[in-house]
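The values are calculated or read from the model by the stated rules, or taken from the named source; none is laboratory data. Predicted, not measured: the structure shown is a model, and the values here were computed from it. No Cβ is skipped: glycine too gets one built from the backbone with ideal geometry, and neighbour counts run over all protein chains shown.
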Amino acid sequence: MGLEQVIPAVFLIAVLILVLPSFLRSNSKLKQFIQNLIIWSIIVMSVMIVLYFILK
């Protein structure tokens, strides 16, 4: 595991730590939380698919 993999992982965890508390606070209802989680999953999967085809 090289430095080119460690640095992005650290930044991803840092962003998650910064965003997660307000995300959980704003999604106090289960239905709203699941809906937002699905939306974010679609966004992340779309970005991953696009990056896969670009960097392939």
Please go through segment 2-33 and pick out each residue that is of a type in the set (Asp, Glu) and not in a helix (DSSP H, G or I). none
Is there any pair linking a residue in segment 17-45 that is modelled with pLDDT under 85 to one that is assigned to a helix (DSSP H, G or I), with Cβ under 6 Å and at least six apart or on different chains, and which? Asn27/Phe33; Asn27/Asn36
Hey, can you tell me all the residues within segment 34-56 that are part of a helix (DSSP H, G or I) and not aliphatic (A, V, I, L, M)? Gln35, Asn36, Trp40, Ser41, Ser46, Tyr52, Phe53
